[in-house]
Amino acid sequence: MLRYANPARFMKLSSTLVPWLGGLALVALAAGLYLGFAAPPDYQQGDTVRIMFIHVPAAWIAMMAYGLMALASLIGLVQRHPLADVAAKAAAPLGALFTALGLITGSLWGRPMWGTWWVWDGRLTSFLLLLFLYLGYIALWNAIEDETRAARAAAILALVGAVNLPIIEFSVDWWTTLHQGESILRKGGPLIASVYLWPLALMALGYTLLFFTLWLLRIRTEIMTRRARNLMLAGEA
Amino acid sequence: MTALILRDVRLAARAGGSAMLALAFFAAVATLVPLGVGADLRLLARIAGGVLWVAAMLAALLALDRLFQADFEDGSLDVIALGPLSLEQTSFAKIAAHWLTTGLPLTILSPLLAVLFGLPSQAIGALFLSLLIGTPAVSAIGAIGAGLTLSIRRGGLILPLIVLPLLSPAVIFGAGTVLSALDGLRNGALPLLTAFSFAACVLSPFATAAAVRLNLGS
Amino acid sequence: MSGFAAMGDYAAYVWPAYGISAIGLLVAAVLVLRAHARAKAALARLGVKP
């Protein structure tokens, strides 16, 4: 795995991977969308159940992205490898985007049921805090001028956040049961009808592939930008 | 280490700023919220735990960006780093000093402000205890943020953004403690707060030291 | 067809949800691809193939 940590090897590998991942993503999304709209409306939620197909995948990716970011940060801190730092940096805005999409779709999904645009449900509240964690991380990267310092500071922040996230989720869950007695947003529980399971799985797959496509592209962009910058500086020397 | 703590406390006291500023901010929020929300003491009593906890937390964060800044700028942080104390111990000392000059005074003032919110006596006691146990966590986690933003010129703006989400469990459990006393129910908030605070105080010096180290290094 | 568009009277929620998600992802993809192309062009101008 660490063989690909060599930037040149990474560039080569990613140049073959990216078109495939992107293509498969589009196929999965198209199939998921078709099945999602072909499925019958839910007994209780009606047609709003279709929002689940774009809300749940966004939420999953938001969490996965943070996990990847934290892992890359750890590798970057321990191995001091710049590729890991770049990977972490590249994941953050994507993670923030998916978190925001998760929040917006969650709000729209709940509005017909709750009657309000927002509810301090455990899941949404944790998500809001996750969004702030992402924004703080991005802000830290942007605020520190020295690249290496920024990478290390952001890595520490990502890891502190990663350790804190389960605690935050636990405390929000505890808080929800304290104030509402039961979680309001019940997403169909463990037994989702298979007619919904397929579109959900396909959309989740599509979202995942899309994330990886965009992530690899962002890492490539950063590598190329740094290389160009180094070449120009060397040219001037 | 005691010497370092005492030195920092003395410095903070001389600067006069931080404790007074924190207390003033705390009192200001406690006064303004009822003005904004209305004089219904039953409502105020229910929101008191949350409002006072948030106010105390923000007040404690006010002086945070100066935790390492002054020593960093005049070079004494480098001297301290080379000294007999490890950076972890130094961080712990700074966290302790910060708590003694902000968290502790805020805790002591809190019963007075709780009266403004019509909290009954057991709830006031719960608030006091929760702040006493919880504000060290605010100093501890805040210190990590202070270390990370050391080299940033206007780092004071980023600091709350980084630190506040990490402190949400403290607010949740702290205010929950007050609610538990208000409702007469045992909801486990205080033990959870204690665990959180303890973990934060034990682990934070390592993260803080790592953050300071990377800023001193390059 | 209007039955489909109406989404059982929930149209005001379902379509904006899909719309915002689509726009968000599309804009992200466009920005990422453009930045990628720009970086590649910058390297090409310096005479290097990535």
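Each reported figure results from applying straightforward, stated rules to the coordinates on display, with no laboratory input. Model, not experiment: these values are computed from the prediction. Because the Cβ atoms are built from the backbone with ideal geometry, glycine has one as well, and the counts that use them run over all protein chains shown.
At-a-glance table
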quantity: Cβ-based charge dipole, the protein assembly as shown, positive-most Cα from A:Met11, B:Ala146, B:Thr208; calculated: A:Met11
quantity: Rounded to the nearest 20 debye, dipole of the protein assembly as shown from Cβ charges on Lys, Arg, Asp, Glu; calculated: 1420 debye
quantity: Phi to ³J(HN,Hα) by Karplus 6.51 cos²θ - 1.76 cosθ + 1.60 over the range A:172-178, Hz, x for Gly, Pro; calculated: 5, 4, 4, 5, 5, 5, 5
quantity: For B:His98, C:His36, A:His179, A:His81, order by how many other beta-carbon atoms lie within 10 Å, fewest first; calculated: A:His179, A:His81, C:His36, B:His98
quantity: Computed E for A:Leu13/A:Arg80 - FRET, C-beta separation, R0 22 angstrom, nearest 0.05; calculated: 0.55
quantity: Per-residue HN-Hα couplings for the range A:21-31 [Karplus 6.51, -1.76, 1.60; θ = phi - 60°; Hz; x = Gly/Pro]; calculated: 4, x, x, 4, 4, 4, 4, 4, 5, 4, 4
quantity: For the range B:45-88, size of Cβ-based charge dipole, Lys and Arg +1, Asp and Glu -1, in debye; calculated: 460 debye
quantity: Relative contact order (%) - chain A, alpha-carbon pairs under 8 angstrom, separation at least six; calculated: 34 percent
quantity: Order of B:Ser139, A:Ser194, B:Ser76 - criterion: other Cβ atoms within 10 Å of each residue's Cβ, fewest first; calculated: A:Ser194, B:Ser76, B:Ser139
quantity: Förster radius 22 Å - calculated FRET efficiency between B:Val79 and A:Thr148, Cβ distance, rounded to 0.05; calculated: 0.40
quantity: Sequence-separation-based contact order of chain B, relative, with Cα cut under 8 Å and 6+ spacing, percent; calculated: 27 percent
quantity: Residue-by-residue Karplus 3J(HN,Hα) for the range B:47-61, coefficients 6.51, -1.76, 1.60, Hz, glycine and proline x; calculated: 8, 4, x, x, 4, 5, 5, 4, 4, 5, 5, 4, 4, 5, 6
quantity: Residues A:Trp114 and A:Ala38, FRET efficiency given R0 of 41 Å [Cβ-Cβ distance, rounded to 0.05]; calculated: 0.90
quantity: Packing-based exposure ordering (other Cβ within 10 Å, fewest first) of C:Trp15, A:Trp175; calculated: C:Trp15, A:Trp175
quantity: Within a Gaussian network of chain B (alpha carbon springs, distance under 10 Å), most fluctuating of B:Ile144, B:Ile162, B:Ile133; calculated: B:Ile162
quantity: Loop GluC sites (Glu not before Pro), the range A:125-182 (other Cβ atoms within 10 Å of the site Cβ: 10 or fewer; DSSP); calculated: A:Glu145, A:Glu182
quantity: Lysine pairs in the protein assembly as shown with Cα atoms under 28 Å, if 8 or more residues apart or on separate chains; calculated: 6
quantity: Sparse-neighbourhood loop sites, chymotrypsin sites (Phe, Trp or Tyr not before Pro) in the range A:32-124 - DSSP loop, at most 12 other Cβ within 10 angstrom; calculated: A:Tyr43, A:Trp117
quantity: Low-density loop cleavage sites - trypsin sites (Lys or Arg not before Pro) in the range B:135-218, where at most 10 other Cβ are within 10 Å (DSSP); calculated: B:Arg153, B:Arg154, B:Arg186
quantity: Ellipticity estimate at 222 nm from DSSP helix runs (n ≥ 4, -39,500 (n - 2.57)) divided over the protein assembly as shown, nearest 500; calculated: -28500 deg cm²/dmol
